[in-house]
Amino acid sequence: MVKTIELVDGVVRMLDQTKLPREVVYVDCKDYLMVARGIKDLWIRGAPAIGIAASMGIAIGAAEIMTDSYDEFIKGLETVYQTLLATRPTAVNIQWAVNRTRKLLEARKEDSVDTLKSFLTQEANRVLEQDIEINKTIGKWGAQFIKDGDTIITHCNAGSLATGGYGTATGPIRVAVEQGKNIQVIADETRPVLQGCRLTSWELMQDNIPVTLITDNTAGALLRKGEITLAIVGTDRTVSNGDVANKIGTYSLAVLCRENNVPFYVAAPLSSIDFSIPTGDLIPIEERGPEEVTSIFGCRIAPEGVKVRNIAFDVTPAKYVTGIITEKGVFRPEDLHKLNEEGADLESIMLKAE
Ligand code: MRU
């Protein structure tokens, strides 16, 4: 499995995903501003992966703050946080990384700044390692819903490239394959940035998982013919009522799945769940520049001067979601908020395969 990101000797090394699959090139980000640029320009993308990049950016940003005073260190970090938070608004994982760091540092006021700097580096590496473990757990919970012979559609890339490794939506797929189930994956190409075409099909092929690439418009036709039996997608931010923000086109796919009685699952690590927002209407949705739509790899395909809307994510209402696969188990969207309640009996509300 290819490495998405690592922190080595104060440098954040990320795979430049804009060049895949034509070239496998790593970029060394020597300061936090370059990490922020890498997130904004999609060298690294996918909600958990940008959360990890943010944790690493914080660690190398912290190393640049020259002070012995705890208060000045915390003040200096605020600039790092705000720069990283300004990169991409929809995925909650950058906010998650910032909140986590704030909380950890709050409890370490007695430590020297040097100690805190090394601590943040260790923490960033921990976030990466934990992410891989979480994806494997998501995989185990989710695989129960995959039957031998299933054909599973996925949208965008919620695979190892979008995470520290293993993937969220690809987690159950990988476990099902490990369990010896004979399955097929259908990857939506995912216009305009083509994450399904360039990334999902590439990484699954590398791991010998049978995958077929389709244009986004083909999903409906295959669902109607009964050629797709299950959908699993990732999420950038799932909120308290179970509404799911994910790559543009996810909503259309979910509606098509419902119309054709195909179960639609969302793989969501807790780091991508925002319990502070009650409904999906309040999720900030990123709009990106027109060039992603008007050109492909620098080649213009649209008429000069055409008006463009490039909305990067959409919100799938909870009513279209069969289950949300987390590291704590699989839940109906309407029960998701209970994960945030102390003492909730999760075992009793967990979805289990028949
Ligand atoms: O714009 P991107 O490529 O960052 O969008 C990524 C997605 O929409 C993924 O499905 C989502 O982040 C989940 S990744 C495990």
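The values are calculated or read from the model by the stated rules, or taken from the named source; none is laboratory data. These numbers were taken from a predicted model, which means no experiment stands behind them. Counting neighbours? That spans all protein chains shown, and the Cβs are built from the backbone with ideal geometry, glycine included. Heads up: the accessible areas ignore ligands, DNA and RNA and are worked out on the full protein's heavy atoms, side chains in. Shrake-Rupley method; radii C 1.70, N 1.55, O 1.52, S 1.80 Å.
Taking 0.36 nm per residue of sequence separation and subtracting the Cα-Cα distance, how much length would be gained by fully extending the chain between Gln82 and Lys3, in nm to one decimal? If you can, show how the numbers build up before the last one.
Working: separation 79, 0.36 × 79 = 28.44 nm, distance 2.70 nm.
Between Gln82 and Lys3, full extension yields an extra 25.7 nm.
Between the alpha-carbon centers of segment 257-323 and segment 109-181, tell me the distance in whole angstrom.
About 21 Å separates the Cα centre of segment 257-323 from the one of segment 109-181.
Which residues' amide hydrogens lie under 5 Å from the amide hydrogen of Ile186, considering only partners 5 or more residues apart or on another chain, with H built in the peptide plane?
Ile152, Ile153, Thr154, Thr212
At 1.4 Å probe size, with no ligands or nucleic acids counted, give the accessible surface of Ser160 in Å², nearest ten.
Ser160 has an accessible surface of roughly 0 Å² with all protein chains in place.
Here are some pairs, Lys3/Lys181; Lys247/Lys338; Lys117/Lys328; Lys103/Lys136; Lys40/Lys136; Lys140/Lys328; which of them have Cα atoms lying more than 20 Å apart in this structure?
From the list (Lys3/Lys181; Lys247/Lys338; Lys117/Lys328; Lys103/Lys136; Lys40/Lys136; Lys140/Lys328), the Cα-Cα distance tops 20 Å for Lys3/Lys181; Lys247/Lys338; Lys117/Lys328; Lys103/Lys136; Lys40/Lys136.
Which whole-number value in Å² is the accessible area per residue of the chain, probe 1.4 Å?
44
When the chain is fully extended, how far beyond the present Cα-Cα distance does Ser69 get from Ala344, taking 0.36 nm per residue of separation?
Extra length available between Ser69 and Ala344 comes to 94.9 nm.
Please report, as a whole percent, how much of the solvent-accessible surface of the chain comes from carbon and sulfur atoms (probe radius 1.4 Å). Walk me through the numbers on the way to the answer.
Working: 7770 of 15450 Å².
In the chain, the share of accessible area belonging to carbon and sulfur is 50 percent.
Subtracting the Cα-Cα distance from 0.36 nm times the residue separation, let me have the gained length for Glu227 to Phe275 in nm, one decimal.
That pair, Glu227 and Phe275, stretches by 13.7 nm at full extension.
Could you tell me the calculated FRET efficiency between Glu304 and Thr215, based on Cβ-Cβ distance and R0 = 22 angstrom, to the nearest 0.05?
So, using R0 = 22 Å, E works out to roughly 0.30.
Specify whether the C-alpha gyration tensor of segment 142-349 places it in the rounded, prolate or oblate class, a ≥ b ≥ c being the square roots of the eigenvalues: rounded for a/c under 1.5, otherwise prolate if a/b is larger than b/c and oblate if not. Please list the in-between numbers first.
On the way: a/c = 1.78, a/b = 1.23, b/c = 1.45.
Oblate shape, in that a/c is at least 1.5 and b/c is the bigger or equal ratio.
Could you compute the FRET efficiency for Ala353 and Asn99, with r as their C-beta to C-beta distance and R0 at 35 Å, rounded to 0.05?
0.55
Taking 7 Å along the Cα-to-C-beta vector as the label spot, tell me the Asn241-Lys19 distance in nanometres, rounded to one decimal.
For Asn241 paired with Lys19, the spin-label model returns 4.5 nm.
Rg/Rh for the chain: what does it come to with C-alpha atoms and Rh from Kirkwood?
Using Cα coordinates only, the ratio equals 0.97.
Please report the accessible area of Asp31 (heavy atoms, 1.4 Å probe, ligands and nucleic acids excluded) in Å², nearest 10.
Here the residue's solvent-accessible area equals roughly 60 Å².
Read phi for every residue in segment 213-220 and hand back ³J(HN,Hα) as whole Hz from Karplus 6.51 cos²θ - 1.76 cosθ + 1.60, θ = phi - 60°, with x for Gly and Pro.
3J(HN,Hα) across segment 213-220, in whole Hz: 8, 10, 6, 4, 5, 7, 3, x.
So which helices of the chain fit the span-like rule, where a helix is a whole DSSP H run, its Cα atoms reach 20 Å or more along the axis, and its mean Kyte-Doolittle is at least 0.0?
Numbers: long enough: 47-63 (24 Å, 1.70); 70-85 (22 Å, 0.04); 113-143 (44 Å, -0.41).
For the chain, where a helix must reach 20 Å along its axis and average at least 0.0, the hits are 47-63, 70-85.
Quick one: Debye curve from the C-alpha atoms of segment 113-234, no solvent, what's log10 I(q)/I(0) at q = 0.16 Å⁻¹?
-0.73
For segment 17-92, what relative contact order do you get, as a whole percent, if you take Cα pairs closer than 8 Å and at least 6 residues apart?
Once divided by the residue count of segment 17-92, the mean separation gives 33 percent.
Leaving ligands, DNA and RNA out of it, rank Leu194, Leu270 by accessible area with a 1.4 Å probe, largest first. Intermediate results must be reported in sequence, preceding the final value.
Values: Leu194 20, Leu270 50 Å².
Descending accessible area places them as Leu270, Leu194.
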